[in-house]
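The values are calculated or read from the model by the stated rules, or taken from the named source; none is laboratory data. Model, not experiment: these values are computed from the prediction. Glycine also receives a Cβ, built like all others from the backbone with ideal geometry; neighbour counts cover every protein chain displayed. Ligands, DNA and RNA are stripped out before the accessible areas are found, and what is left, the full protein with its side chains, is counted by its heavy atoms. Shrake-Rupley method; radii C 1.70, N 1.55, O 1.52, S 1.80 Å.
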Amino acid sequence: MEALDFISAQDITTEELHALFELAKDMKADRKKYLRSCEGMSLAMIFEKPSLRTRVTFDVGIQQLGGSGIFLGPGDINLGKRESVFDVAKNLERMVDIIMIRTFAHSICTDMADYAKIPVINGLTDFEHPCQALADFFTMWEIKGDLKGKKLTYVGDGNNVAHSLLLTGARLGVNVTVATPKGYEPKQEVVERAKKDAEAFGAQIEVTNDAAAGVAGADAVYTDIWASMGQESEAAERKKIFSPYQVNEALMTKAKPDAIFLHCLPAHRGEEVTDEVIDSKQSVVFQEAENRLHVQKALMHELLR
Ligand code: CP
Ligand code: NVA
């Protein structure tokens, strides 16, 4: 990979995405094959928000590459309060080989990458979740093959997950549609950037407030929780606004009959998705979660080369 960090879905080119997917496929086929590729290397994992998948897959991932992970929770470093982002970066770059950070403001993540001489990976900010999008499109690629011209429809909040899906999908030539309630669309700046890339790869980017029309003909239907981490106080109000955007059996019938269902997880069953859909044959959410491990191993392998 050309970029030294992975902060945004746009830090990786189309060619690099294809190569990363091939590497992740190889790593998935034989977990022991790359056991010495990052031997003796250390990953610092900074978490200012909760996590299951990101924490486990990064920790297990670096172990499977021969390295080790160090978990730094909110109570450990108290980023920006006990110590500035700059000072944390300047310490860690002398102690570990790579940093993964999950935080609130996207600027904290970009600052960390600017200050630290070692690679920094975005493990989720309020603005983007690029590792998630890698796993999502890798999963779609495993199941559907060539992604060019395929359609993925994201239904729900125009949030961090939606942003990274738009930016990654555009580079892979996937037609990405985002269906949200009015006022909850993805940021215009992200949509513009995705459209620019999509044009170059012959794909379409669409933003709509009509969930049924958006899902029409989709090869993959995706949703995420309605109130993201940090928005807990808005949860009750959002529940009312978003209920027409629930992914249920009726909505799934608008997609192609062989469409897959994706969700970054954690899911709030009965809210953004019904049990019938998430437990259906079309649902590949646990394969998608597992794939976080494989794509992130490939990512760390590339960044540490
Ligand atoms: N999808 C995802 O990032 O899960 P966690 O919040 O559990 O890490
Ligand atoms: N949009 C969600 C994703 C969780 C993986 C959040 O930010 O909480």
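Give the long-range amide H neighbours of Val247: residues separated by 5 or more places, or on another chain, with amide H under 5 Å away, using H modelled in the peptide plane at 1.01 Å from N.
Val273, Thr274
Give, rounded to the nearest 20 debye, the magnitude of the charge dipole that segment 29-68 has about its Cα centre when Lys and Arg contribute +1 at Cβ and Asp and Glu contribute -1 at Cβ.
160
Between Asp26 and Glu189, what's the calculated FRET efficiency when r is the beta-carbon distance and R0 is 22 Å? Round to 0.05.
It comes to 0.05.
Which pairs break 28 Å Cα to Cα here: Lys187/Lys254; Lys148/Lys254; Lys28/Lys150; Lys49/Lys239; Lys32/Lys150?
Correct reply: Lys32/Lys150.
Per residue, how many Å² of accessible area does the chain show with a 1.4 Å probe?
Roughly 42 Å² per residue, with all protein chains present.
Probe radius 1.4 Å, ligands and nucleic acids ignored: give me the carbon and sulfur share of the accessible area of the chain as a rounded percent.
51
Please check: in the Gaussian network model of the chain (C-alpha springs, under 10 Å), which one of Lys254, Lys182, Lys148 has the largest mean-square fluctuation.
Among Lys254, Lys182, Lys148, the largest GNM mean-square fluctuation belongs to Lys182.
Return the sequence-ordered ³J(HN,Hα) values of segment 239-250 in whole Hz as given by the Karplus equation 6.51 cos²θ - 1.76 cosθ + 1.60 applied to θ = phi - 60°, using x for Gly and Pro.
In residue order, the calculated couplings are 4, 5, 5, 8, 4, x, 9, 5, 8, 10, 4, 4 Hz.
Could you work out the relative contact order of the chain, using alpha carbon pairs under 8 angstrom and six or more residues apart, expressed as a whole percent?
Contact order relative to length: 19 percent.
When only the heavy atoms of the protein chains count and the probe is 1.4 Å, how do Met229, Met45 rank by accessible area, highest first?
Met229, Met45
If I model a spin label at Arg36 and Ala19 as a point 7 Å from the Cα along the Cα→Cβ vector, what separation in nanometres do I get?
Placing both labels 7 Å along Cα→Cβ, they lie 2.3 nm apart.
Leaving out ligands, DNA and RNA but keeping every protein chain, what accessible area does Thr57 have, in Å² rounded to the nearest 10, with a 1.4 Å probe?
20
Take Arg171, Arg55, Arg238 and sort them by solvent-accessible surface of the protein heavy atoms, 1.4 Å probe, largest at the top.
Descending order: Arg55, Arg171, Arg238.
Going 7 Å from the Cα of Ser107 in the Cα-to-Cβ direction, what parts of segment 156-187 have a backbone nitrogen less than 20 Å from that spot?
It comes to 160, 187, nothing else.
Quick one: angle between helix 160-171 and the longest Cα principal axis of the chain, in degrees between 0 and 90, rounded to 10, please.
Long axis of 160-171 versus the principal axis of the chain: about 90 degrees.
What is the helix-to-structure angle for 285-303, meaning the angle in degrees between its Cα long axis and the longest Cα principal axis of the chain, kept from 0 to 90 and rounded to the nearest 10?
40
Using the Karplus equation 6.51 cos²θ - 1.76 cosθ + 1.60 (θ = phi - 60°), what ³J(HN,Hα) coupling, rounded to whole Hz, does each residue of segment 19-29 give in order, writing x for Gly and Pro?
Computed from phi, the couplings for segment 19-29 are 5, 5, 5, 5, 5, 4, 5, 5, 5, 5, 5 Hz.
May I ask you to compute the full-extension gain from Thr208 to Lys81, defined as 0.36 nm times their residue separation minus their alpha-carbon distance, rounded to one decimal in nm?
Taking 0.36 nm per residue and subtracting the Cα distance, the gain is 41.7 nm.
Using only alpha carbon pairs under 8 Å that are at least six residues apart, calculate the relative contact order of segment 80-159 and give it in whole percent.
With pairs under 8 Å counted, the relative contact order is 24 percent.
Using modelled backbone amide H atoms (1.01 Å from N, in-plane), which distant-in-sequence or interchain residues come within less than 5 Å of Cys264's amide H?
Thr223
Determine ³J(HN,Hα), in whole Hz, for all residues of segment 37-42 in sequence, where each value follows from phi through the Karplus function 6.51 cos²θ - 1.76 cosθ + 1.60 and θ = phi - 60°; x replaces Gly and Pro.
Along segment 37-42, the couplings run 6, 10, 4, x, 8, 10 Hz.
Lys151: which aspartates and glutamates have alpha carbons under 14 Å from its alpha carbon, excluding same-chain residues fewer than 8 sequence positions away?
Candidates past the 8-residue exclusion: Asp136, Glu206, Asp219, Asp258.
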